[in-house]
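Here the structure comes first, spelled out in structure tokens, and everything after it is commentary.
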Amino acid sequence: MEFPVISLKDFAVEFERVSQEIFKASQKWGFFIVKDHGINGINEMFNQAREFFDLPMDIKCEKILNEETVGYDGHTTTTFAASEGMSFGLPAGQLSKSENIHSWWDKDKLEDIEAFKAQCNDLNLKIMSCFAVHMGLQKDFFHASHRQVLPGNTFKLIKYPKMDEQPKDYVPRLSEHTDWGSITLLFTESPGLEVRDPNNQWHAVPVIPGAVTINIGDALSLWTGKQLKSTMHRISWDKVPKSQDRYSMPYFVHPNFETNLRLNALPDDVDEEVLTYSDYYKVRLRLTWGSLEQKDASKKFGDIDNKTLEYLSRLGVANAGKLDSHSVSI
Ligand SMILES: O=C(O)CCC(=O)C(=O)O
Ligand SMILES: [Fe+2]
């Protein structure tokens, strides 16, 4: 089964055809690769990532990830990944105002990050317009819920350090999971990512230099009555070369907090209840990063509200039954 690879070279002149390919791939796989996307400066970003992760641990630990999803993680083991990360959350233009930015990320470096985030957001809005038209909505329907307000989109640098052997305590390289938000744009130079294909078998995502891998997150899947698929993905130990570090850079797009994800309620969902993105985000934030909270009482990552949890399992989010895949005890 062939992994979908789509060129955006003729996006404007052949919008109907290209958008249809994107919509179909998102229904069938929930994952696709785009080429000719026009985003510049990818190699420079990888170089920044290498430079940052090469710094001594005490410098990287100057700012540990906070609830804005800004800061470093990698100083401690988690149950879901053997990696370190540097996250740049918040709506466009707000990083320089965050209190959680390391002094190493000076004004010029932050401007580069903001400019890269802006390019990613342009691509995001293009992709969203493809979904809208094929669902019979106004082309810019999703733009209104992707304004630059909280929580904003998170650009993250990730390093999976080379390891001769798997640590004794079982830690997945990256445990199987779905993403939380609307879509994710992923930049990577190395193999290792696997996704569930339409037959539910693990399928290696090809690496195409300079291309962007895009996948649908839970919020957009729920919001579209599951017309679009939020697909499980993972990185397993035996698929990543042992002798070299693996770098990747996801850009996680989130709908605005107040967005009601009930646009196209599922046929068996008779509940009138509103499910905002904020409700869902709080659950995933806590499940993913709650362990940092236990180490630093000044931090507060979301909330597990039982009513939301129960409601989500009834709706059957893509991660159904797996809401604890990034588990911390709650
Ligand atoms: O590092 C990768 O290639 C995938 C990362 C990912 O899926 C995530 O961080 O959600
Ligand atoms: Fe992911």
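The values are calculated or read from the model by the stated rules, or taken from the named source; none is laboratory data. Owing to the predicted nature of the structure, the values given are computational and were not obtained by experimental measurement. Glycine gets a Cβ as well: all are built from the backbone with ideal geometry, and neighbour counts include every protein chain shown. Heavy atoms of the whole protein, side chains included, go into the accessibility calculation; ligands, DNA and RNA do not. Shrake-Rupley method; radii C 1.70, N 1.55, O 1.52, S 1.80 Å.
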| request: Please get the size of the charge dipole for the stretch 1-95, origin at its Cα centre, with Cβ charges of +1 on Lys and Arg and -1 on Asp and Glu, quoted in debye to the nearest 20. | output: 300
| query | Using a ≥ b ≥ c from the Cα gyration tensor of the chain (square roots of the eigenvalues), is it rounded, prolate or oblate, where a/c under 1.5 gives rounded and otherwise the larger of a/b and b/c decides, a/b for prolate? | reply | rounded
| note | Cβ-Cβ cut-off under 9 Å around Asp218, Lys and Arg +1, Asp and Glu -1: the net charge is 0
| message | Just to confirm, what accessible area per residue do you get for the chain at 1.4 Å probe, in whole Å²? | response | 44
| said: 7 Å from Cα along Cα→Cβ at both Met163 and Val207: what's the point-to-point distance in nm? | reply: 1.9
| task | Would you mind getting me the FRET efficiency between His143 and Ala115? Use the beta-carbon distance for r and R0 = 22 Å, nearest 0.05. | result | 0.60
| With Cβ to Cβ distances under 12 Å as the rule, what net charge do the other residues near Ser98 carry (K, R +1; D, E -1)? | -2
| Three-way shape label, the stretch 58-196, alpha-carbon gyration tensor, a/c 1.5 | oblate
| request: Between beta-carbons, use under 10 Å as the cut-off and find the net charge around Phe257, counting Lys and Arg +1, Asp and Glu -1. | output: -1
| Solvent-accessible area, 1.4 Å probe, carbon plus sulfur percent, for the stretch 216-309 | 50
| Lys/Arg +1, Asp/Glu -1 at C-beta; the stretch 164-203 dipole; positive extreme among Trp180, Gly192, His203 | Trp180
| message | If N is the number of residues in the stretch 46-86, what value comes out of its Cα radius of gyration divided by 2.2 N^0.38 Å? | response | 1.14
| remark: For the table Lys168/Lys295; Lys60/Lys229; Lys229/Lys295, the rows whose alpha-carbon distance is greater than 27 Å are Lys60/Lys229; Lys229/Lys295
| task | State, to one decimal in nm, how far the label point of Ser243 lies from the label point of Lys9, with both points 7 Å from Cα in the Cβ direction. | result | 3.6
| note | With +1 at each Lys and Arg Cβ and -1 at each Asp and Glu Cβ, the charge dipole magnitude of the stretch 1-160 around its Cα centre, to the nearest 20 debye, comes out at 480
| task | Pop a pseudo-label 7 angstrom from the Cα along the beta-carbon direction at both Lys307 and Phe257 and give the gap in nm to one decimal. | result | 1.8
